[in-house]
Structure formats: C-alpha cells, structure tokens
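Some notes on the structure that comes next.
The values are calculated or read from the model by the stated rules, or taken from the named source; none is laboratory data. These numbers were taken from a predicted model, which means no experiment stands behind them. Don't worry about glycine lacking a Cβ; one is built from the backbone with ideal geometry, like all the others, and counts go over all protein chains shown.
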Amino acid sequence: MPQAPSQRPDFDPVATAKHLLRTIRAGALATLDAQGAFPFASLVTVATDLDGSPLLLISRLAAHTRNLEANPRASILLSQGGKGDPLAHPRLTVIGTVARTDEPRVRMRFLARHPKAALYADFPDFSFWRMELDRAHLNGGFARAAELGAAEVRTDVSGAEALAAAAESAVEHMNADHREALALYATRLAGERAAHWRATGVDPEGIDLAAGDRTARVAFPHRVDGPGPLRAVLKALADEARGRG
C-alpha cells in the first residue's frame, strides 16, 4: 500500500517542523481583525523560547497588536523560501494564543536572534509576546504534509532548569571564546557558507546560530539538561566538525 505523506521514509515531519521553527527569523502573523473579525495578516520577526514557543516584539501602535489584545488567537506562517517554485519549499504554520510577557529570558532570546531590535525594544509602545502553542501544520513540499500536536513541536524542558539558568552565559562564552567552533558547527555540520557565525541560543535539543540575516541550527545527538552536559556535547560536536575537515 502507498504510504501517507507523513509516513514517507525520507520525511521526518517532527524534525522538519522543529528545524523550521528554530531557523526562520520572520513570518506572516495572522490575527483576527478587532473590528470585523476578518483574518489580518502582517509580517513580524520571530524568535523562539527555550521550549520553541514563538516570541514576538511588537508595537501597540500596530494593528496586529490591537487585534491580539482583543482576541489572543493567532497563527504564524514560517516559510523557508528559496529558488524556483515557492510551493516546493517547506513551511510551517503554528497555531495558538499569544500573550504579552515581561520574562527576562524572552527579551534575551529575542534580542540575541535580532540584535538590531535593541534599538527600539525599550520604546514605550513596544512589548514582547509569546505564543502558547496549540498545534501546527507542516507542509514539507510536494506530498509531504503533517498535522502536529503542540507536544510534538515543542522541546521538552522538564528537568532542564539548570540549563535555562546557564543558557545566556553559555551563549556569551561561546561568542567570546569559541568563534572557531561556531564556524565549524555552521559550515561542517549545518552545511552553511563561511561567515562570522555567532550563537544566538541553546536549548535541550540544539544550538542556534546566525550570521547577519542567515541562520543555522545544529541538533544535539542527545538531550542535555545542564551546563556540564552542554559543555560536553559542544566539545563533541566541535571534535566531530574538525574530523570532517
């Protein structure tokens, strides 16, 4: 019997969805118009929390912010894009409710992904928002689609409190002292071109990298939950990358 699209042996919908969620830096935010309840689509920059929940920095002067204040239900389309037919490239729609947050970790993670946003992040009309995921829809290209639950898309952060506490300092340390390793992660493990790569975030499942407007993601071979295991896996990845030279 032919396999369903999400069961194709060369298609891992969960891994594809998580990769898109962690690497796409801008998406189409769909909210419900506060006046007429029609769908309203706008462009926003996106980062992710430790568990993969989408993070936004938006102004209350924007129509989408007023819409969210009236009705928190929303979706965000994250599209990889590329050459050729736009519909041949993978894209992920995440669906959930969006709420304002003052959590310092959210600010740190968003500005690490979008450092130029620091120019206006403290303007009185701007605030950070976090999406509580309900579900997601993945279209991985022709004949590759899957409906995913929130638990499949999110990263499990239970028991990873020590990693959460150390994440910011770990990113700063990597950027200050291990730029060569970051470049190796990007070029030899993620297949990206050489550039001034920097770390923007770590979580139990991987490390996020950026070079200008380019992003990369390197998944860990196993889950990590604290600074000790994080150091060990980052060293192992650097050794693996050097071995591929």
Worksheet item: Does the stretch 148-163 hold any residues that are within 23 Å of G96 (Cα to Cα) and in contact (Cβ under 8 Å) with a residue 40 or more places away in the chain, and which are they?
Response: L148, A150, E152, V153, R154, T155, D156, V157
Worksheet item: Quick one: would you say V202 is closer than 26 Å to V46 by Cβ, β-branched (V, I, T) and surrounded by fewer than 22 Cβ atoms within 10 Å (Cβ to Cβ)?
Response: no
Worksheet item: Taking the stated definitions as given, is E172 under 15 Å from T23 (Cα atoms), within 20 Å of the chain's Cα centre (by Cα) and free of Cβ contacts under 8 Å to residues at least 60 places away in the same chain?
Response: no
Worksheet entry | Residue satisfying condition, being more than 30 Å from L163 (Cβ to Cβ), in a loop (DSSP other than H, G, I, E, B), among the hydrophobic types (A, V, I, L, M, F, W, C) and modelled with pLDDT of 95 or more, within set L50, L61, L43 | L61
Discussion item. Here's a check for you: in the stretch 175-192, which residue that is aliphatic (A, V, I, L, M) and under 19 Å from the mean Cα position of the chain (by Cα) is surrounded by the most Cβ atoms within 10 Å (Cβ to Cβ)?
Written reply: A186
Response to the item:
Quick count over the stretch 136-152, residues being touching an Asp or Glu at 6+ places or on another chain (Cβ under 7 Å) and either farther than 23 Å from R73 by Cα or assigned to a strand (DSSP E or B) (or both), is 1
Worksheet, complete the sentence: Selection from the stretch 56-81 of residues within 18 Å of the chain's Cα centre (by Cα) and more than 15 Å from A28 (Cβ to Cβ) yields L57
Worksheet item: Across the stretch 205-229, which residue is surrounded by the fewest Cβ atoms within 10 Å (Cβ to Cβ) among those that are aliphatic (A, V, I, L, M) and under 16 Å from D51 (Cα atoms)?
Response: A219
Worksheet entry | Single match in P86, P54, P90, P39 (criterion: within 21 Å of T215 (Cβ to Cβ), touching a Leu at 6+ places or on another chain (Cβ under 7 Å) and not charged (D, E, K, R)) | P90
